[in-house]
Ligand code: DGL
């Protein structure tokens with residue numbers, strides 16, 4: 001038994017999809033969530049910047065004495081896996097759990113991956129899926145328009161700007177006849193309905209956030225490290241009022257986030 005909190009971080013709202021999945025799977029755990037909203041989007045940053053950002057976010061959460069960290073960010077997971085693996089607090093990203101679930105999709109139709117520009121550029125999602133599913137066709141697509149739209153509130157499945165961006169970004173995946181699509185950026189779970197409306201319900205959507213929450217549960221249970229009182233604290237490096245309003249809308253309950261000073265890349 002270990003009552004310390006689980007730390008979760010992302011560039012903004014996306015990691016809330018992992019926090020919500022974890023809350024559902026492990027309602028008794030305490031959560032500390034950090035949204036680095038002052039530096040969103042991570043998907044437009046260089047690998048060198050992401051290596052620094054990953055370390056800073058991990059150090060910030062470890063200052064809260066967390067027992068475990070979920071890097072609820074595909075961009076950090078695919079660009080800074082060594083930083084995550086070598087950090088003294090046990091940490092998982094969303095890449096490996098999401099890809100493992102994708103590798104179980106039966107049949108031989110192509111598999112799709114969508115993620116940020118920096119994630120697709122890093123190639124780690126594709127490499128890991130190729131390793132587990134040799135010979136299977138993989139379509140990986142960057143969707144740089146999604147995160148700015150989601151962060152600015154364009155999340156409704158009927159939002160015209162979002163619909164246009166989804167259709168434009170996912171047309172190659174639809175044409176290829178994919179069997180499943182990995183939402184390799186945690187923000188994308190927030191617009192899953194718009195994505196499903198375009199691709200059709202025959203395409204299975206795999207949430208990397210949900211896979212990571214399941215992997216975290218397994219890890220903690222296997223080591224007897226579960227425990228807590230079901231509390232959650234939220235922090236942002238951006239505007240606390242704006243983040244609280246958006247998070248409350250997404251999670252369906254009132255969230256009051258605290259503000260933490262933005263960090264510099266140095
Ligand atoms: N939600 C993050 C991810 O999973 C970061 C998106 C961004 O800030 O560009 O990649």
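Take the conditions farther than 22 Å from residue 21 by Cβ, in contact with a strand residue (DSSP E or B) (Cβ under 9 Å, 6 or more places away or on another chain) and within 15 Å of the ligand (Cβ to nearest atom) and apply them to residue 136. Does it pass?
On the way: farther than 22 Å from residue 21 by Cβ: yes; in contact with a strand residue (DSSP E or B) (Cβ under 9 Å, 6 or more places away or on another chain): yes; within 15 Å of the ligand (Cβ to nearest atom): no.
No.
Looking at segment 193-211, which of the residues that are assigned to a helix (DSSP H, G or I) and farther than 22 Å from residue 92 by Cβ is nearest to the ligand (Cβ to nearest atom)?
Kept after step one, since they are assigned to a helix (DSSP H, G or I), are these residues of segment 193-211: 193-199, 208-211.
Narrowing further to those that are farther than 22 Å from residue 92 by Cβ: 193-199.
Working: 193: 18, 194: 16, 195: 15, 196: 19, 197: 21, 198: 20, 199: 19 Å.
Across segment 193-211, the extreme among qualifying residues is 195.
Counting only residues that are away from the ligand (no atom under 11 Å from the Cβ) and buried (at least 24 other Cβ atoms within 10 Å of the Cβ), which one in segment 1-13 is nearest to the chain's Cα centre (by Cα)?
Looking only at segment 1-13, we keep the residues that are away from the ligand (no atom under 11 Å from the Cβ), and these are 1-8.
Those still in the list that are buried (at least 24 other Cβ atoms within 10 Å of the Cβ) too: 6-8.
On the way: 6: 15, 7: 13, 8: 10 Å.
That would be 8.
How many residues does segment 81-90 hold that are within 15 Å of the ligand (Cβ to nearest atom) and in contact with a strand residue (DSSP E or B) (Cβ under 8 Å, 6 or more places away or on another chain)?
Number satisfying all stated conditions: 1.
If I filter segment 14-42 down to residues being within 14 Å of the ligand (Cβ to nearest atom) and farther than 14 Å from residue 247 by Cα, which single residue comes out as surrounded by the fewest Cβ atoms within 10 Å (Cβ to Cβ)?
38
Could you look through segment 121-133, keep only residues that are without any contact (Cβ under 8 Å) to a residue 60 or more places away in the chain and in contact with a helix residue (DSSP H, G or I) (Cβ under 7 Å, 6 or more places away or on another chain), and pick out the one that is farthest from the ligand (Cβ to nearest atom)?
Restricting to residues being without any contact (Cβ under 8 Å) to a residue 60 or more places away in the chain and in contact with a helix residue (DSSP H, G or I) (Cβ under 7 Å, 6 or more places away or on another chain), the top hit is 132.
Of everything in segment 167-192, what is assigned to a helix (DSSP H, G or I) and away from the ligand (no atom under 16 Å from the Cβ)? Give them in sequence order. So that I can check it myself, show each step before the final result.
Filtering segment 167-192 for residues assigned to a helix (DSSP H, G or I) gives 167-176, 186-192.
167, 168, 170, 171, 172, 173, 174, 175, 176 - these are the residues of segment 167-192 that are assigned to a helix (DSSP H, G or I) and away from the ligand (no atom under 16 Å from the Cβ).
So which residues in segment 98-120 are away from the ligand (no atom under 12 Å from the Cβ), surrounded by fewer than 24 Cβ atoms within 10 Å (Cβ to Cβ) and closer than 19 Å to residue 186 by Cβ, if there are any at all?
100, 101
Pull up segment 43-70, narrow it to residues that are more than 15 Å from the chain's Cα centre (by Cα) and within 15 Å of residue 262 (Cβ to Cβ), then point me to the one that is nearest to the ligand (Cβ to nearest atom).
Checked segment 43-70; the qualifying residue nearest to the ligand (Cβ to nearest atom) is 45.
Is it fair to say residue 173 is touching a residue at least 24 places away in the same chain (Cβ under 8 Å) and closer than 23 Å to residue 24 by Cβ? Before the answer, list the steps.
Working: touching a residue at least 24 places away in the same chain (Cβ under 8 Å): yes; closer than 23 Å to residue 24 by Cβ: no.
Spelling it out, it is not the case that residue 173 is touching a residue at least 24 places away in the same chain (Cβ under 8 Å) and closer than 23 Å to residue 24 by Cβ.
Every read-out reported here was derived from the displayed coordinates using simple, explicitly stated rules and does not represent laboratory data. If you're wondering where the values come from, they're calculated on a predicted model, not measured in any experiment. Please note: Cβ atoms are built from the backbone with ideal geometry, for glycine as well, and neighbour counts cover all protein chains shown.
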